[in-house]
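Here is the structure we will look at, set down as structure tokens.
The values are calculated or read from the model by the stated rules, or taken from the named source; none is laboratory data. Because the structure is a prediction, the values reported are computed rather than measured. Every residue, glycine as well, gets a Cβ built from its backbone with ideal geometry; the counts of neighbours run over all protein chains shown.
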């Protein structure tokens, strides 16, 4: 679960990291009122989860409340990289002396959290890693010991910073690590971490990702703010199905994430374009299959359907029953290819054949067949 | 020979009386796995399908020599179950459970390492030495004894590939599902090293997917340490960045973790990468026959 900037800042605030003062607005009027309350120049920031909002015009400086209102009006009508802007954050503009970068994330290779710090913040860290890797300081945290003072000192000495910054910066390292563990984060990032002209240390932006498998009770109800997703994605989440919307025309249903990815690849290899990823998981019954079909068929871009089931715990007869029931209930009007093998295969095939559906022999044949049928509309 | 498990491996089931644990205990017994004991806290002293149940792993150890344990307990308690098994120094721990919090796994990984035991998973289908022993949830009927070692991050996709190999009359020495989470106990490299030493294994199939850089590191390792032929398959060429494709670990973040990068890394070391499961069979056939002519 990725958090919006204003949510991330709320978590930072709770662990004692100062953030630039501000409030969220959903209408231009609200934006104007907030700007008036804050007083002085403000920044109007689109709350989206995709990167690059600044370049897209989603972040604007306003000198007056009226200007804040005008900016908010424009930004609230924007879509940034396909994500609709529903909220803007109005923060008091600050005069920045210097910008830093600080994050903690999980290094999969090292199987430990990794701290990344740079005395040059405000820019894309991946970019900086490419152009000036020497400007990035990285070190791991042993999960059984936690972040230690010597590690922070070593990093800060290495960065050759003004000695009077050591204490405040070091405190921010520890508070960020507290946020990382307390909120079960995959990522906590402050970019930029700013030292203002008047000597304050502020998190000017916040990027936080929380483990979906471990959302702390403190954040109950926050999930509603999840990434603006398609209606199909929301329906799938409610049905507890793994679904990802893609931009093609061939709907895909399979069991097991690896097998479904492999199915998408085969369709693409045959020149088709998958409309989605949908994993019904292990041991799905007829009802789950029905739900899955409903979600895929509700996508108006779907021109064909490929179902690829390798029955292990999942039983082929259950899948077949769900498929036949859905066909009778909703009618499946697009070309459909079914591959069904494994546990209770004979029974599953019999059910399908009774209803005029002949399963293909293998997933390779199935992928070729659905692409052929969709391109000829048969 | 097989790796990690064989006919005489004594297996413990943690969570044996749960619905998942119970169902798969039956399937494992049918396969011929020597399940000597089960653990469910509070159900000690009872018998499940002929298997004695204990309250703790230590208690089970007092009555049985245990070589391996398989964990079916719910995600919330799974880390605790792994730690219990590691603390009791069970040499092989296989964790099937999905959705274990990653912050739990960070600690578990280190503790397991400290204890010097081996963890397979979590979020994995387990492992099978066809005809000898099965620990986990892999289907009983699709595997065949033979010369190919399979190591995979996926479940069903592994079944697909093993099934196609078996139908082509190419059997397997051991099939190991290492799991689809960002942090798993054993990686490709750990299992590849075991296959290299195993005399039954004549060729290795590596099944990877998007996310992380394990395949890239495996490519380096194979070039350095593995003399047996390796065939690779990677799932997720058509996956978009930033979207989690089912498995927690299957996500392209930034430029890291794409299928293209993985295929390139493998191919640059001379490891053929199949584009379809069927091609895995063809490439494996070729690898086995080339090897035969070389000897």
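Among the residues of the stretch B:251-283, those that are modelled with pLDDT of 90 or more and within 10 Å of chain A (Cβ to nearest Cβ) comprise B:257, B:259, B:275, B:276, B:277, B:278, B:279. Any residue in the stretch B:93-101 that is surrounded by 15 or more Cβ atoms within 10 Å (Cβ to Cβ), in contact (Cβ under 8 Å) with a residue 24 or more places away in the chain and more than 30 Å from residue A:217 (Cβ to Cβ)? Looking for residues that are surrounded by 15 or more Cβ atoms within 10 Å (Cβ to Cβ), in contact (Cβ under 8 Å) with a residue 24 or more places away in the chain and more than 30 Å from residue A:217 (Cβ to Cβ), one finds at least one in the stretch B:93-101, hence yes. Mind listing whichever residues of the stretch A:343-370 are within 34 Å of the chain's Cα centre (by Cα) and either within 13 Å of chain B (Cβ to nearest Cβ) or farther than 25 Å from residue A:266 by Cα (or both)? Passing the criteria: A:362, A:363, A:364, A:365, A:366, A:367, A:368.
Taken over the stretch A:264-314, residues that are assigned to a loop (DSSP other than H, G, I, E, B) and under 15 Å from residue A:338 (Cβ atoms) amount to 3.
Hey, can you tell me all the residues within the stretch B:182-210 that are within 22 Å of residue A:143 (Cα to Cα) and assigned to a loop (DSSP other than H, G, I, E, B)? Once the filter is applied, which keeps residues that are within 22 Å of residue A:143 (Cα to Cα) and assigned to a loop (DSSP other than H, G, I, E, B), the stretch B:182-210 yields B:182, B:183, B:184, B:185, B:186, B:187.
Of the residues making up the stretch A:125-137, none is modelled with pLDDT of 95 or more, part of a helix (DSSP H, G or I), out of contact with any strand residue (DSSP E or B) (no Cβ under 9 Å at 6 or more places or on another chain) and in the same structural domain as residue A:180 (by TED's automatic domain parsing). Within the stretch A:24-47, the set of residues being free of Cβ contacts under 8 Å to residues at least 60 places away in the same chain and within 24 Å of residue A:209 (Cβ to Cβ) comprises A:43, A:45, A:46, A:47. Wholly within the stretch A:45-112, which strands (runs of 3 or more DSSP E) include no fewer than the required count, namely at least 1 residues that are under 30 Å from residue B:179 (Cβ atoms), within 20 Å of the chain's Cα centre (by Cα) and modelled with pLDDT of 95 or more? Filter on the stretch A:45-112 gives A:96-107. Does residue A:11 count as in a helix (DSSP H, G or I), surrounded by 19 or more Cβ atoms within 10 Å (Cβ to Cβ), touching a strand residue (DSSP E or B) at 6+ places or on another chain (Cβ under 7 Å) and at pLDDT 95 or above? Taking the combined requirement at face value, the residue satisfies it. Scanning the stretch B:144-181 for residues that are surrounded by fewer than 24 Cβ atoms within 10 Å (Cβ to Cβ), touching a helix residue (DSSP H, G or I) at 6+ places or on another chain (Cβ under 6 Å) and part of a strand (DSSP E or B) yields nothing.
The residues listed here are A:292, A:320; of these, the one that is closer than 24 Å to residue A:266 by Cα and within 14 Å of chain B (Cβ to nearest Cβ) is A:292.
For residue A:146, the conditions (1) within 13 Å of chain B (Cβ to nearest Cβ); (2) assigned to a helix (DSSP H, G or I); (3) surrounded by fewer than 20 Cβ atoms within 10 Å (Cβ to Cβ) all hold with the exception of (2). In this structure, residue A:213 does satisfy being within 12 Å of another protein chain (Cβ to nearest Cβ), without any contact (Cβ under 8 Å) to a residue 40 or more places away in the chain and surrounded by fewer than 21 Cβ atoms within 10 Å (Cβ to Cβ). Among the residues making up the stretch B:220-250, a single one is surrounded by fewer than 18 Cβ atoms within 10 Å (Cβ to Cβ), at the interface with another protein chain (Cβ under 7 Å from one of its Cβ atoms) and either without any contact (Cβ under 8 Å) to a residue 12 or more places away in the chain or not in a loop (DSSP other than H, G, I, E, B) (or both): B:243. Among the residues of the stretch A:150-161, is any within 13 Å of another protein chain (Cβ to nearest Cβ), under 23 Å from residue A:202 (Cβ atoms) and surrounded by 15 or more Cβ atoms within 10 Å (Cβ to Cβ)? The answer is no, given that none of the residues of the stretch A:150-161 is within 13 Å of another protein chain (Cβ to nearest Cβ), under 23 Å from residue A:202 (Cβ atoms) and surrounded by 15 or more Cβ atoms within 10 Å (Cβ to Cβ).
Checking each residue in the stretch B:145-166 for being free of Cβ contacts under 8 Å to residues at least 60 places away in the same chain and more than 9 Å from every other protein chain (Cβ to nearest Cβ) picks out B:145, B:146, B:150, B:151, B:162, B:166. Among the residues of the stretch A:332-340, are any within 14 Å of chain B (Cβ to nearest Cβ) and surrounded by fewer than 22 Cβ atoms within 10 Å (Cβ to Cβ)? No, the stretch A:332-340 contains no residue that is within 14 Å of chain B (Cβ to nearest Cβ) and surrounded by fewer than 22 Cβ atoms within 10 Å (Cβ to Cβ).
Looking only at residues in the stretch A:247-283 that are surrounded by fewer than 24 Cβ atoms within 10 Å (Cβ to Cβ) and in contact (Cβ under 8 Å) with a residue 60 or more places away in the chain, which one is nearest to the other protein chains (Cβ to nearest Cβ)?
A:269
Within the stretch B:224-237, identify whether any single residue is out of contact with any helix residue (DSSP H, G or I) (no Cβ under 8 Å at 6 or more places or on another chain) and in the same structural domain as residue B:281 (by TED's automatic domain parsing), and answer yes or no. Yes: the stretch B:224-237 contains one or more residues that are out of contact with any helix residue (DSSP H, G or I) (no Cβ under 8 Å at 6 or more places or on another chain) and in the same structural domain as residue B:281 (by TED's automatic domain parsing).
Yes/no matrix, rows are residues, columns are (1) at pLDDT 95 or above; (2) in a loop (DSSP other than H, G, I, E, B); (3) in contact with a helix residue (DSSP H, G or I) (Cβ under 8 Å, 6 or more places away or on another chain):
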residue: B:20; (1), (2), (3): no, no, no
residue: B:23; (1), (2), (3): no, no, no
residue: B:26; (1), (2), (3): yes, no, no
residue: B:29; (1), (2), (3): yes, no, no
residue: B:38; (1), (2), (3): yes, no, yes
residue: B:43; (1), (2), (3): yes, yes, no
residue: B:60; (1), (2), (3): yes, no, no
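Being within 14 Å of chain B (Cβ to nearest Cβ), surrounded by fewer than 20 Cβ atoms within 10 Å (Cβ to Cβ) and either in contact with a helix residue (DSSP H, G or I) (Cβ under 6 Å, 6 or more places away or on another chain) or outside any strand (DSSP E or B) (or both): is that true of residue A:199 here? So residue A:199 does not fit the description; no.
All of (1) outside any helix (DSSP H, G or I); (2) within 28 Å of residue B:164 (Cβ to Cβ); (3) over 31 Å from the mean Cα position of the chain (by Cα) hold for residue A:333 with one exception: (2). Taking (1) under 23 Å from residue B:206 (Cα atoms); (2) at pLDDT below 95; (3) within 7 Å of another protein chain (Cβ to nearest Cβ) in turn, residue A:244 satisfies each apart from (1).
All conditions in (1) crowded, with 22+ Cβ neighbours inside 10 Å; (2) within 12 Å of another protein chain (Cβ to nearest Cβ); (3) in contact (Cβ under 8 Å) with a residue 40 or more places away in the chain; (4) farther than 16 Å from residue B:67 by Cβ hold for residue B:140, with the sole exception of (1).
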